[in-house]
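Undergrad: To start, I am sharing the structure in question, which I have written as structure tokens.
The values are calculated or read from the model by the stated rules, or taken from the named source; none is laboratory data. Because the structure is a prediction, the values reported are computed rather than measured. Methodologically, a virtual Cβ is constructed for each residue, glycine included, from the backbone with ideal geometry; neighbour enumeration extends over all protein chains shown.
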Amino acid sequence: MRDFQADVIRAAITGKPLPEGGFSWSPARMQLFRFCQRAYFIRYYLAQGGWNIHAHPAARTAYLEKHLPDFNQFLSRTLEQSVSDALFYAVRREKKERTDIFRRALVQGLERRTSALIIGLEKQDYLTDPKLPGLLETFHGETDFLHPEKVGSRCAAVFSKALPPLLEEKDLKEKIENLEPLSLRKEELLALNWRSFIVWLHAGIICTEGDTVTGIRFHAMGKQPESLLPDHGLESALFREYVRQKMHREKTKFNIFSFDEAEKTAYNTVEPGPVAADRVDVSSTGMLRMVRDNGEVYMNDFALTTEPEKCSFCPFRQTCAMIRSNEIQS
């Protein structure tokens, strides 16, 4: 990977080659491109090299905003990781003990990760390493997220409402009681071969039961605009394609456990969306058109959204404000 140094912004404005490694696609990438092309540019081009202390401040800010989760992303990831760890731990024990072991391990995992977030917000280590526990809302200075203990209490309240229905979910209870250790997998990302590029998909928890492969995802619902909400139908279709390509099986299930701060929960099997191949092809073509024939990209080719109300939800609003305030000169 090339090392983008302090001139990364000027290079971005005047044009620069694509980073090594070429083009890849994901549902999240498609989602951001449709939400705002300028935000897409910041996430996938400007943030490159922002980890370097010598990089331009806007590249550093873009890198921070790229890696810090918002509150709902933190809730989703934390519940998913905690369920995954507890499930892997429980299925290695005697079947009669599994349910109690799973409950204890799940609660401990949630407490541990929430405590790490509180400490991270207090110490602000995420400002120098955004892969340490932190929140995008805290970085953006949103009032409701500036007191670490209050954020921790808010997390605890959400999880305390979500856990009872999750623990009573029949499908999950059956998995705890019947799965064998080797039938479980957890991977951060799944990679599919697609045309001449790679398609990435968030994995969740993968279970093999007989001839059926099940993916389990967790989704904390919020107030984001519809254009930023995950397309679970498309993700289900891509999961089915992954299972066909990599696991050589035809039967799949894609389950989503949704929850929010208002005590609403649902555990649903999502049907694969229509004609996933066409959607990937059309979307990737639109993104690749932004790359000029000589392999360069220009920031001004990536238009700002025409719906300003979206900006308050944009994860890259600080970087965008820096660019628009003329702090960066070409």
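Undergrad: Considering only residues that are assigned to a helix (DSSP H, G or I), within 25 Å of residue 314 (Cα to Cα), without any contact (Cβ under 8 Å) to a residue 12 or more places away in the chain and not basic (Lys, Arg), which ones fall in the range 103-152?
TA: 125, 143, 144
Undergrad: Filter the range 307-325 down to the residues that are modelled with pLDDT under 90 and outside any helix (DSSP H, G or I), then identify the one that is surrounded by the fewest Cβ atoms within 10 Å (Cβ to Cβ).
TA: Restricting to residues being modelled with pLDDT under 90 and outside any helix (DSSP H, G or I), the top hit is 325.
Undergrad: Does residue 271 qualify as being under 30 Å from residue 165 (Cβ atoms), in contact with a helix residue (DSSP H, G or I) (Cβ under 7 Å, 6 or more places away or on another chain), surrounded by fewer than 16 Cβ atoms within 10 Å (Cβ to Cβ) and of a type in the set (D, E, K, R)?
TA: Numbers: under 30 Å from residue 165 (Cβ atoms): yes; in contact with a helix residue (DSSP H, G or I) (Cβ under 7 Å, 6 or more places away or on another chain): yes; surrounded by fewer than 16 Cβ atoms within 10 Å (Cβ to Cβ): yes; of a type in the set (D, E, K, R): yes.
For residue 271, the condition - under 30 Å from residue 165 (Cβ atoms), in contact with a helix residue (DSSP H, G or I) (Cβ under 7 Å, 6 or more places away or on another chain), surrounded by fewer than 16 Cβ atoms within 10 Å (Cβ to Cβ) and of a type in the set (D, E, K, R) - is met.
Undergrad: Still on this structure: When only residues in the range 140-182 that are loosely packed, with under 14 Cβ neighbours inside 10 Å and of a type in the set (A, V, I, L, M, F, W, C) count, which is farthest from the chain's Cα centre (by Cα)?
TA: Step one: filter the range 140-182 for residues loosely packed, with under 14 Cβ neighbours inside 10 Å, giving 141, 143-144, 146, 149-150, 153, 156-157, 160, 164, 168, 170, 174, 178, 180-182.
Okay, now just the ones that are also of a type in the set (A, V, I, L, M, F, W, C), so 146, 156-157, 182.
Details: 146: 23, 156: 21, 157: 22, 182: 26 Å.
Step by step, filter the range 140-182, then rank; the result is 182.
Undergrad: Cβ-Cβ under 6 Å, sequence separation 6+ or interchain: first residue in the range 72-93 and under 14 Å from residue 206 (Cβ atoms), partner of a type outside the set (A, V, I, L, M, F, W, C) and in a helix (DSSP H, G or I). Which pairs?
TA: Qualifying pairs under 6 Å: 91/181.
Undergrad: Let me ask something else about it. So, residue 137, is that one surrounded by 16 or more Cβ atoms within 10 Å (Cβ to Cβ) and either farther than 22 Å from residue 107 by Cα or among the acidic types (Asp, Glu) (or both) or not? First the steps, then the outcome.
TA: Values: surrounded by 16 or more Cβ atoms within 10 Å (Cβ to Cβ): yes; either farther than 22 Å from residue 107 by Cα or among the acidic types (Asp, Glu) (or both): yes.
When the stated conditions are applied, residue 137 passes them.
Undergrad: I've got another one for you. Would you point out which residue out of 218, 239 is within 19 Å of the chain's Cα centre (by Cα), assigned to a helix (DSSP H, G or I) and farther than 27 Å from residue 41 by Cβ? It would help to see each step written out before you state the result.
TA: Working: 218 fails: assigned to a helix (DSSP H, G or I).
Going through 218, 239 in turn, just one is within 19 Å of the chain's Cα centre (by Cα), assigned to a helix (DSSP H, G or I) and farther than 27 Å from residue 41 by Cβ: 239.
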